[in-house]
Amino acid sequence: MYQYRYQGNRPLHAGPDSGVEFVFSVSADRKSWHAVGVVVGDGAIRAWEEAHARELTSAERHAIAKMALFQAFDERPAPALMEDRVRVRNAEVEAISEALDL
C-alpha cells in the first residue's frame, strides 16, 4: 500500500508533454519517499472541454491527477516503477471524469 502527499503543481512546456505536472511525494514503506509527477496534458484537457462544452476547474484537474496516480499505484507492480511520470491522456481524462461524475 502506498502513502502519498500532494506537493504542488507546475506548468510544463515540453512539446507533447505540455500541460500541468502535479507533484506527489510517494512511499511504499513510509521510510523512503520520492517525487512522482502526474502530467495532465493540455491536449487531453482541451479535448474534454470541447466535448463537454465547459472548462475544467483547477480542483477538477487536481482530482483527475490524483485519480490517475491511484490508477498507477494499481497498475505498476513494483515501487521502483512509480519513479516514472504518470501521463494522463485523452481517454484517461474522459474515463476519470466520468467516474468522478464531472
Scanning the stretch 34-80 for residues that are of a type in the set (Lys, Arg) and over 14 Å from Tyr4 (Cβ atoms), the one surrounded by the most Cβ atoms within 10 Å (Cβ to Cβ) turns out to be Arg61
Would you call Glu92 part of a helix (DSSP H, G or I), within 12 Å of the chain's Cα centre (by Cα) and more than 16 Å from Gln3 (Cα to Cα)?
yes
Does Lys31 meet the test of being surrounded by 15 or more Cβ atoms within 10 Å (Cβ to Cβ), at negative phi and of a type outside the set (A, V, I, L, M)?
no
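Here, each number is a calculation from the coordinates, and none is a lab measurement. All of these numbers come straight from a predicted model, not from anything done at the bench. So basically every Cβ, Gly included, is an ideal-geometry build from the backbone, and we count neighbours across all protein chains shown.
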